[in-house]
């Protein structure tokens, strides 16, 4: 019984707008929960609630399924009910400045500590200089200075006096002092000295030696005296500073009572201010002693900074670098890291160039997203993370160690050995949510042994949902999206058209696509077109306009290709019949747009050793799946037509005018048809195009992109003028996937184009050649004049030729090639 | 002679330097003054004859700060002096270029104070950037070590003033004029010391000094001192000035007294000629 073309209702599943009981989506309530993602939602709830180590989440699924939005909204809902995490700040470690201390403070207190410290320093800049201006301080200080000056003068004065008595001069040298025999106020000339009697000289030398010893003793004491002087001045300063500090520090201590880390830090600050009180004194005072800095000679202020700027820089040692705490509005943080580089994740230590050197301190430590997400949740795109050097390793290290240690990649890899900061690690309590494609998830599972330990929860988002019974829910989803994106509401016709498009995206009439990103784009664009028409509600026409416009924006390539075919630059016949030539269908996927492209496939047959040559493969233009399909053909031919003798043909198959490579097995049925045509010398109807893969039993199997393939051939036929004899053969298994465009549906309904669903090669051959395929008789032969009989005969003929050739016959393979009548006759 | 006429005659400031590192700081201060007065900058590097002699005599140099001994040969001492002289010459040249001044440089081997006195005879203004003689004490040690100290002279102190020694109207007016200008340039207070007898004669000297000073500028203090050497030296030590101006032709400016004054004042001396 001949195969009948599919009806229009079989190639497009309408959504009946009348089934909706609303006038516009404005009447529909927002959708509760997540539509069609029960598995993912369950996993999300589990992963978020599970508080043990390693239960981080990997959200996998295709793009535009709302993975980010859904995961984030779940996390935010959960985070709202959680306590805000503690604040963290880095402060100066006064004992070891290269190891900044991490301070943990209750939420909201880090910012206030920073402000309090800034206020303290501001007040001390007034209070300390005032304390040092008092008469009491000046008097006590002067007394210390004078005491030490007197001590030195007394010591040296005694030596000088003794030297004078012995006619020796105390001379100042560039580095110190020296004693020499004197004549009046000058040093005695050496020649004069040498003329002195030896006894006198000896006496002078002995005197010099003795006084030199005493001088040396005093000189050796100078550093000790200086140290002592400084110590006493420092003690005095500390005492005075302490008086200025006491009240201010006391107030601070009271504010942070009970917070031990803060109190320890305040105590350290108090000690350090006592040691560095000079930082709080007016800069001018410290410079009065430096002659080179006298105004007219200036230029001596290093680095071009004013004294006040230098003072401000020096006082930065008391600042508080808040890492986490600013802008915390309650609840646990949910952070999305859009650029998950190494530094953006774990933080970094910045440097400042100064006189050619790179300087840094604790105030230049910058937090990473792990700091900001500490005590909450961090969302990262897996692909972006893996694209960043060292970022994945750093994230694993941090999760394994449960603490954030800031170090540069250079330090991590031991490439840099210069002194740098080693900030105290901050304990980490975070739930990381990676979001990525399934392929990434499975690759990580397979290749990274740490992955399973650290990301134990897979949240698998489905791209489709069942259509039956869910359309009303889907309508609510559309209503929710329209409201969320501030779009016009949709009327039932508009909703129905969107549902149909969701089915088309799903590639299955029984399903709806959950790629809500694409649906949202469609709604936005339909809203635009509705606005253009001054409509207050989005209708089916607007949705269709949006869809058409989407295609029009990106179909330049398909248009050009079709143009080339119409102009016969690319040779594709759409009428007539040819032996060894068929129209195959391929899909070109450009990422955001896919379209069907007809391709001519041709076959030639000659005597040989049973090999079907895939020319695409030979020139490395064919992929492995395509080659697999071609090899199946050999199996099919051998088993069906040459089970009891060698398959003695050599066939070549080629995609004509194909320059960009072919892969997939969807052309294997077309290749088999054309091969059979070449063997049976039966012409194939060029008004038909074929898609479908085939197995060794001759069953036609489902393929992908069926809608695009049919539409591609339809567009070509339409461009040349539909004859009513044109159509496409598709696998029967693909019928549920048909959601063809309006043009095709209309032509099918009018009987000007046909879509045939075939289950076997025999069915296909009957359609393509108009001749019965024929069933195998008990005698092992097919009915006369059937397709299969012609093929069988030709294969036997080739086998005979080969046998004769092997016995030394004169027929050489060249003469027997290519459907040659002569060859055939010779073999008969 | 009016102040303007005197200013025209002041054509050159001679800066006397020696091997001490502090000399270069004195040179810079003098260059500032020369720039303000638009007069020539003359560098005079004195190779102290006493140091050279000492290097050929028995004994060692005692290094302050460490107390270690160091013996220095004459050749070594001469080499050191040559290096210092070359550095001083470079600095004179650099400062002259920076301030667009004409300049000269000379190296002379002599006793410091006698050379200073002699220079004062032939130059309009002589600046002694020589190291103060012993006794050394904290303030006299190399400034680099003091700068590193946390509180070299206390965290709060008044700026060191410019000092002027007024010893009579003949040369005193010029001394006060220049001292006041130096104070204005460097935004420092001026302290005028007037050694004078008690009674009306002393008051007259103070009044004369006051008349020589202009109204404008930095704060000025005029102090009358007992007319004794000891009182003067004590006052100079207590004043802790940054520059000391005095009349090059006065009684005070003998070579011996110059040494005492340098020792007491511990700052640069500027000998002002009466030309």
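The values are calculated or read from the model by the stated rules, or taken from the named source; none is laboratory data. The structure presented is a predicted model; accordingly, all values stated were derived computationally and were not measured. Cβ: placed from backbone, ideal geometry, glycine included. Neighbour counts: every protein chain shown.
Some observations on this one:
- Some residue of segment A:687-698 being in the same structural domain as residue A:581 (by TED's automatic domain parsing), out of contact with any strand residue (DSSP E or B) (no Cβ under 8 Å at 6 or more places or on another chain) and assigned to a loop (DSSP other than H, G, I, E, B): yes
- Among the residues of segment A:720-754, those that are in contact (Cβ under 8 Å) with a residue 40 or more places away in the chain, closer than 19 Å to residue A:582 by Cα and surrounded by fewer than 22 Cβ atoms within 10 Å (Cβ to Cβ) comprise A:720, A:723, A:725, A:754.
- In segment A:22-68, the residues that are assigned to a helix (DSSP H, G or I), over 19 Å from residue A:502 (Cα atoms) and under 20 Å from the mean Cα position of the chain (by Cα): A:68
- All of A:220, A:212 fail the test of being facing chain B (nearest Cβ under 7 Å), buried (at least 18 other Cβ atoms within 10 Å of the Cβ) and out of contact with any helix residue (DSSP H, G or I) (no Cβ under 9 Å at 6 or more places or on another chain), apart from A:212.
- Residues in segment A:73-99 that are surrounded by fewer than 19 Cβ atoms within 10 Å (Cβ to Cβ) and not in a loop (DSSP other than H, G, I, E, B): A:73, A:76, A:77, A:80.
- Candidate set: segment B:1-39, residues that are within 10 Å of another protein chain (Cβ to nearest Cβ) and assigned to a loop (DSSP other than H, G, I, E, B); chosen: the one modelled with the lowest pLDDT: B:21
- Residues that are part of a loop (DSSP other than H, G, I, E, B) and over 21 Å from residue A:592 (Cα atoms) within segment A:510-544 comprise A:510, A:533, A:534, A:535, A:536, A:537, A:539, listed in sequence order.
- Residue within segment A:548-557 that is in contact (Cβ under 8 Å) with a residue 40 or more places away in the chain and within 29 Å of residue A:669 (Cα to Cα) present: yes
- Candidate set from segment B:48-60 (those that are facing chain A (nearest Cβ under 7 Å) and without any contact (Cβ under 8 Å) to a residue 40 or more places away in the chain); member that is nearest to the chain's Cα centre (by Cα): B:51
- Looking only at residues of segment A:189-203 that are more than 7 Å from every other protein chain (Cβ to nearest Cβ) and either touching a residue at least 24 places away in the same chain (Cβ under 8 Å) or within 22 Å of residue B:48 (Cβ to Cβ) (or both), we find that the one that is surrounded by the fewest Cβ atoms within 10 Å (Cβ to Cβ) is A:191.
- Within segment B:160-183, the set of residues being in contact (Cβ under 8 Å) with a residue 60 or more places away in the chain and within 16 Å of residue B:265 (Cβ to Cβ) comprises B:160, B:161, B:162, B:163, B:164, B:165, B:167, B:175, B:179, B:182.
- Qualifying residues in segment B:95-139 (those that are out of contact with any helix residue (DSSP H, G or I) (no Cβ under 9 Å at 6 or more places or on another chain), part of a helix (DSSP H, G or I) and modelled with pLDDT of 80 or more) - the one nearest to the other protein chains (Cβ to nearest Cβ): B:97
- Some residue of segment B:86-93 being farther than 14 Å from residue B:51 by Cβ, free of Cβ contacts under 8 Å to residues at least 12 places away in the same chain, surrounded by fewer than 17 Cβ atoms within 10 Å (Cβ to Cβ) and within 11 Å of chain A (Cβ to nearest Cβ): no
- Within segment B:182-195, the presence of a residue that is at pLDDT below 75 and surrounded by fewer than 23 Cβ atoms within 10 Å (Cβ to Cβ) is excluded.
- Scope segment A:699-713; condition crowded, with 22+ Cβ neighbours inside 10 Å and assigned to a loop (DSSP other than H, G, I, E, B); matching residues: A:703, A:705
- Output for segment B:61-80, where each listed residue is at the interface with chain A (Cβ under 9 Å from one of its Cβ atoms) and touching a residue at least 12 places away in the same chain (Cβ under 8 Å): B:64, B:65, B:72, B:74, B:77, B:80
- Just so you know, in segment A:167-186 the residues that are assigned to a loop (DSSP other than H, G, I, E, B) and in contact with a helix residue (DSSP H, G or I) (Cβ under 9 Å, 6 or more places away or on another chain) include one that is farthest from the other protein chains (Cβ to nearest Cβ), and it is A:167.
- Segment A:767-788: number of residues that are part of a helix (DSSP H, G or I) and in contact with a helix residue (DSSP H, G or I) (Cβ under 7 Å, 6 or more places away or on another chain): 3
- Residue match in segment A:143-166 (condition: in a helix (DSSP H, G or I), in contact with a helix residue (DSSP H, G or I) (Cβ under 9 Å, 6 or more places away or on another chain), facing another protein chain (nearest Cβ under 7 Å) and crowded, with 21+ Cβ neighbours inside 10 Å): yes
- Residue within segment A:101-123 that is out of contact with any strand residue (DSSP E or B) (no Cβ under 7 Å at 6 or more places or on another chain), exposed (fewer than 13 other Cβ atoms within 10 Å of the Cβ), within 14 Å of chain B (Cβ to nearest Cβ) and assigned to a helix (DSSP H, G or I) present: no
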